Every structure is written in C-alpha cells, then in structure tokens.
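S.K.: Take a look at the following structure, please.
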Amino acid sequence: MNRVIHFRSEPYFLHFEMDGLPTNLVNARVHWAVRAKKNRAATGALGAVIKRHLRPPRPLKKAFLFMLRESSSAPDFDGLVGSFKGVIDSLRYLGVIENDRFENIGFPRYGHRRAPAKRGKIQVVVIQAPEEHVFSADLQLPDADCR
C-alpha cells in the first residue's frame with residue numbers, strides 16, 4: 001500500500017512507503033527515451049503519494065535521506081544505491097528537496113530488509129537539516145608507504 005507513515009511540517013519530516021521496487025536504470029543499458037518514460041512514471045507514482053500539501057513550502061536546501069528497500073533478495077551495494085536514483089530525482093522534481101547534489105543531501109543512508117517474494121516495497125524518510133549544516137566528505141587516504 002502506498003502511504004504516508006508520518007508527516008510533520010516544522011521542521012520538515014516525511015516518512016512514506018510505496019509498493020513495488022524501483023528499477024535500477026543506472027547500470028542498465030536502456031535507450032534514453034525508455035529511461036525518460038520510466039523516470040516520468042516513477043515521478044508520477046511518487047507524486048500520488050506525496051500530495052502537494054505534504055511538500056514543504058519551499059524545497060529543502062539541506063536534507064537527510066534514508067532509503068530502505070524491502071525485497072526477497074538483497075542487491076549488491078551499487079544496485080541498491082542505483083535503484084533509488086529515480087526516487088531522489090523525483091523528490092527534487094516534486095519540490096521536496098532543492099537539489100540532489102552532495103552539498104544538499106550528503107550521502108543518503110541505504111538499507112535492505114528481507115521481504116516475502118512478490119511483496120517488495122520501499123520506505124523513504126526525508127528530514128530537514130539545518131541550512132548551515134555542512135555535509136562532510138573529508139576522506140583521509142592512507143599513505144602509500146604505510147607499513
């Protein structure tokens with residue numbers, strides 16, 4: 001069942017679930033027109049769940065995103081992340097988030113939970129982050145001559 005589980009307007013918090021599993025179009029060799037059609041369909045389905053009154057008055061400049069895939073088999077990590085690309089793009093298109101750049105959403109958190117076959121679904125949580133929040137990607141690489 002596609003439904004909103006929890007909503008709060010200030011500070012913005014949205015938790016929803018959708019039946020079915022998003023298609024990973026990132027790694028797929030798909031014609032651009034087919035990809036565009038599937039992305040429009042995904043945005044329409046997401047828009048049906050996130051009605052206009054559940055969207056923030058202005059797109060969120062900063063947000064924490066949590067994505068949970070419930071399916072009978074766990075995808076590999078890049079498949080898990082790639083399967084949510086259309087969802088994140090739809091959140092941007094629908095005006096929930098301002099942009100899907102790193103400076104706006106950082107690294108979303110992804111997870112998988114086992115579900116019975118043919119009962120796959122996703123859950124997404126969007127939490128407004130303070131506008132002054134800085135997402136850090138400070139990565140310290142090990143020295144080449146570490147022993």
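The values are calculated or read from the model by the stated rules, or taken from the named source; none is laboratory data. Note that the coordinates shown come from a computational prediction; the quantities given were computed from them, not determined experimentally. Counting neighbours? That spans all protein chains shown, and the Cβs are built from the backbone with ideal geometry, glycine included.
S.K.: Determine which single condition ARG58 fails, assuming it passes every other condition in (1) of a type in the set (Lys, Arg); (2) out of contact with any His (no Cβ under 8 Å at 6 or more places or on another chain); (3) under 14 Å from THR23 (Cα atoms).
M.R.: (3)
S.K.: Take ARG101 and tell me if it is charged (D, E, K, R), modelled with pLDDT under 95, surrounded by fewer than 17 Cβ atoms within 10 Å (Cβ to Cβ) and farther than 15 Å from ARG3 by Cα.
M.R.: Details: charged (D, E, K, R): yes; modelled with pLDDT under 95: no; surrounded by fewer than 17 Cβ atoms within 10 Å (Cβ to Cβ): yes; farther than 15 Å from ARG3 by Cα: yes.
So ARG101 does not fit the description; no.
S.K.: While we're on this one: Do you know which residues across the range 3-31 are surrounded by fewer than 14 Cβ atoms within 10 Å (Cβ to Cβ), part of a loop (DSSP other than H, G, I, E, B) and in contact with an Asp or Glu (Cβ under 9 Å, 6 or more places away or on another chain)?
M.R.: ASN27 - this is the single residue of the range 3-31 that is surrounded by fewer than 14 Cβ atoms within 10 Å (Cβ to Cβ), part of a loop (DSSP other than H, G, I, E, B) and in contact with an Asp or Glu (Cβ under 9 Å, 6 or more places away or on another chain).
S.K.: Could you check the range 79-138 and list, in sequence order, the residues that are without any contact (Cβ under 8 Å) to a residue 60 or more places away in the chain, of a type in the set (S, T, N, Q) and under 21 Å from ALA42 (Cα atoms)?
M.R.: Result: SER90, ASN99.
S.K.: Additional query: Cβ contacts < 6 Å: first residue part of a helix (DSSP H, G or I), restricted to the range 32-43; second residue surrounded by 12 or more Cβ atoms within 10 Å (Cβ to Cβ), any location; separation 6+ or different chain. Result?
M.R.: ARG35/LEU25; ASN39/GLY86; ALA42/GLY86; ALA42/SER90; THR43/SER90; THR43/TYR93
S.K.: While we're looking at this one, here's another question. From the list ARG8, ARG3, ARG69, ARG55, which one is touching a residue at least 24 places away in the same chain (Cβ under 8 Å), closer than 18 Å to GLN128 by Cα and not polar (S, T, N, Q)? Reasoning before the result, please.
M.R.: Numbers: ARG8 fails: touching a residue at least 24 places away in the same chain (Cβ under 8 Å); ARG3 fails: closer than 18 Å to GLN128 by Cα; ARG69 fails: closer than 18 Å to GLN128 by Cα.
It is ARG55.
S.K.: Could you identify the single residue in ARG101, ARG109 that is farther than 19 Å from HIS15 by Cα and within 15 Å of the chain's Cα centre (by Cα)?
M.R.: Details: ARG109 fails: farther than 19 Å from HIS15 by Cα.
Checking each option against the conditions leaves just ARG101.
S.K.: Oh, and also: Quick one: which of VAL134, VAL87 is among the hydrophobic types (A, V, I, L, M, F, W, C), closer than 23 Å to PRO11 by Cβ and exposed (fewer than 14 other Cβ atoms within 10 Å of the Cβ)? Working first, answer last.
M.R.: Values: VAL87 fails: exposed (fewer than 14 other Cβ atoms within 10 Å of the Cβ).
After applying the criteria, what remains is VAL134.
S.K.: Might you check whether a residue that is among the polar types (S, T, N, Q), modelled with pLDDT under 95 and touching a helix residue (DSSP H, G or I) at 6+ places or on another chain (Cβ under 9 Å) occurs anywhere in the range 128-137? It would help to see each step written out before you state the result.
M.R.: Going residue by residue through the range 128-137, those that are among the polar types (S, T, N, Q) are 128, 136.
Adding the requirement that they be modelled with pLDDT under 95 leaves 136.
This time we only want the ones that are touching a helix residue (DSSP H, G or I) at 6+ places or on another chain (Cβ under 9 Å), so: none.
No, every residue in the range 128-137 fails to be among the polar types (S, T, N, Q), modelled with pLDDT under 95 and touching a helix residue (DSSP H, G or I) at 6+ places or on another chain (Cβ under 9 Å).
S.K.: For the range 44-57, what are the residues that are in contact with a Ser or Thr (Cβ under 9 Å, 6 or more places away or on another chain), surrounded by 11 or more Cβ atoms within 10 Å (Cβ to Cβ) and either among the polar types (S, T, N, Q) or not in a helix (DSSP H, G or I) (or both)?
M.R.: Of everything in the range 44-57, those that are in contact with a Ser or Thr (Cβ under 9 Å, 6 or more places away or on another chain), surrounded by 11 or more Cβ atoms within 10 Å (Cβ to Cβ) and either among the polar types (S, T, N, Q) or not in a helix (DSSP H, G or I) (or both) turn out to be ILE50, PRO56.
S.K.: Related question: Among the residues of the range 71-83, count how many are surrounded by 18 or more Cβ atoms within 10 Å (Cβ to Cβ) and not in a helix (DSSP H, G or I).
M.R.: 1
S.K.: With the requirement that a residue be of a type outside the set (A, V, I, L, M) and under 14 Å from the mean Cα position of the chain (by Cα), what does the range 14-43 give you? Break it down into steps so the answer makes sense when it comes.
M.R.: First, the residues of the range 14-43 that are of a type outside the set (A, V, I, L, M): 15-17, 19-20, 22-24, 27, 29, 31-32, 35, 37-40, 43.
If the condition is that a residue be of a type outside the set (A, V, I, L, M) and under 14 Å from the mean Cα position of the chain (by Cα), then HIS15, PHE16, GLU17, PRO22, THR23, ASN24, ASN39, THR43 are the ones that fit.
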